[in-house]
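Everything on this sheet refers to the single structure shown next.
The values are calculated or read from the model by the stated rules, or taken from the named source; none is laboratory data. It should be emphasised that the depicted structure is a prediction, and the values quoted were computed from it without experimental measurement. Neighbour counts run over all protein chains shown; Cβ positions are idealised from the backbone, glycine included. What goes into the accessible areas is simple: the full protein's heavy atoms, side chains included, and nothing from ligands, DNA or RNA. Shrake-Rupley method; radii C 1.70, N 1.55, O 1.52, S 1.80 Å.
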Amino acid sequence: MKILVIGGGGREHAIIRKLLESPRVEKIYCAPGNGGISCDAQCVDIKAMDIDGVVAFAKENAVDLVFVAPDDPLAAGMVDALEQAGISAFGPRANAAIIESSKVFSKNLMKKYHIPTAGYEVFDNSQAALDYIKQNNVYPVVVKADGLALGKGVIIAADYQQAEDAVHSIMDDKIFGSSGNQIVVEEFITGPEVSVLAFTDGKTLKPMVSSKDHKRALDHDQGLNTGGMGTISPNPHYDQAMAELCSRTIFLPTIEAMAKEGRPFKGCLYFGLMLTKDGPKVIEYNSRFGDPETQVVLPRLKTDLVDILLAVVDERLDEIEIQWSDDAAACVVMASGGYPSSYQKGIEMFGMDENGQVEGATIYHAGTIKKEGKFFTNGGRVLGVTATGKTLDESLEKAYCAVKKISFEGAHYRTDIGK
């Protein structure tokens with residue numbers, strides 16, 4: 001098979017590495033890819049949002065399957081366009097990807113189908129939102145942009161002043177563009193966070209192993225929210241009893257709700273959960289593999305990924321048994337100095353051989369470029385240094401050992417992933 005993967009980050013590198021394990025794969029293309037991906041697949045100079053360009057390339061090169069990994073092209077209807085052109089694609093159609101691309105849609109879906117989530121109100125006017133927050137007078141309070149915002153559209157406000165700043169910056173200053181035309185003001189809930197990704201063909205749902213993401217930029221959960229600074233799998237707070245409870249009260253009801261709404265969800269559905277004192281609740285849905293959760297979940301997958309993708313596309317997921325390794329996995333993200341605010345690009349990187357690997361670990365490239373055999377930084381999150389081990393401590397020790405061998409000017413990473 002010839003497979004085209006859309007995207008250019010650490011998640012896509014992890015997906016490609018797993019696809020390469022399949023004897024069914026003859027060739028992998030990646031659009032646009034990155035420096036590290038170029039060692040494993042043929043990178044194609046097509047932007048992830050260029051739907052016409054992707055369809056044309058897939059036709060010209062007789063691509064058998066297109067894996068649409070990022071949120072933006074899914075929301076924009078890339079899968080719809082590929083299917084209309086007769087090309088098999090893994091990922092939800094636009095009318096199902098709305099579960100991530102509109103917070104308002106997903107919150108209203110949960111309310112309608114009694115799926116547990118934090119209490120909320122929706123506003124399309126900043127003054128009405130502020131009046132509500134002031135009247136409610138409960139802090140912290142969560143302010144969310146309705147649309148996609150690179151994983152940064154959620155602000156937790158500790159007091160009224162911070163809430164006011166959040167509402168004005170999202171709705172009036174449009175820091176996330178049209179994604180801030182509406183906002184969700186949500187109650188602040190507490191408890192351990194869990195990420196669970198699931199394969200689903202719209203009828204059958206098969207959860208993957210659990211993981212935990214570390215969103216804040218600095219140690220001890222300080223600093224700004226990022227796209228994710230590191231992950232571990234399994235999540236120590238998520239046991240078999242909790243998995244069964246989540247499946248019964250959240251996972252299956254969500255798939256059934258989407259089907260009833262005429263929006264069957266096919267692809268990877270990501271459940272961002274909080275285990276509160278009142279039981280598990282949904283913080284967010286994503287319509288695709290998470291980044292950097294993918295970097296610790298896929299290394300534990302034993303079943304051929306291509307077999308699973310085709311079962312999802314053909315709506316026969318019930319026929320396949322998916323097996324996972326008992327090993328633990330850990331990923332530490334190495335980021336550019338200044339991330340998630342402004343940072344420099346084009347800084348030379350040292351300490352990796354030509355495969356971008358060091359012993360005992362896998363280096364997934366996120367924001368890199370390769371020139372004349374050397375790697376340079378080309379993004380905020382630069383690398384995801386991942387290792388597996390019999391225990392979580394062993395996998396973390398290996399990952400940090402690998403991190404210490406890699407260097408580039410301004411590099412920063414959290415030292416407390418998994419703690």
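Site pair D45 and F350 shows an inter-label distance of 3.2 nm when each label is modelled 7 Å from Cα along Cα→Cβ. Per residue, the accessible area of the chain comes to 41 Å², computed with a 1.4 Å probe over protein heavy atoms only. Accessible surface of D221, taken over heavy atoms with a 1.4 Å probe and every protein chain present, rounds to 90 Å². If I compute solvent accessible area with a 1.4 Å probe over the protein chains, what percent of it on the range 31-81 is carbon and sulfur? Its accessible area is 46 percent carbon and sulfur atoms. Ranking of R381, R24, R316 by solvent-accessible surface, largest first: R24, R316, R381 (1.4 Å probe, protein heavy atoms only, all chains present). When the chain is treated as a GNM with alpha-carbon contacts under 10 Å, the residue of V332, V282, V296 showing the greatest mean-square fluctuation is V282. Each part gets one Cα centre, and for the range 79-125 versus the range 1-17 those centres are 23 Å apart.
Shape analysis of the range 1-144 places it in the prolate category; the axes a ≥ b ≥ c from the Cα gyration tensor give an a/c of at least 1.5, with a/b above b/c. Phi-derived couplings, Karplus 6.51 cos²θ - 1.76 cosθ + 1.60 at θ = phi - 60°, listed residue by residue for the range 357-364: 10, 10, 4, x, 8, 10, 9, 8 Hz, with x used for Gly and Pro. Residues S247, S211 ordered from highest to lowest accessible area at a 1.4 Å probe: S247, S211. On full extension, the segment bounded by K2 and A85 gains 28.2 nm, given 0.36 nm per residue less the C-alpha separation. When a 1.4 Å probe is rolled over the protein heavy atoms, the share of accessible surface on the range 129-271 that falls to carbon and sulfur comes to 51 percent.
Calculated FRET efficiency, E244 to R24, Cβ-Cβ distance, R0 = 45 Å: about 0.85 to the nearest 0.05.
Taking a ≥ b ≥ c as the square roots of the eigenvalues of the alpha-carbon gyration tensor, the chain is classed rounded because a/c is under 1.5.
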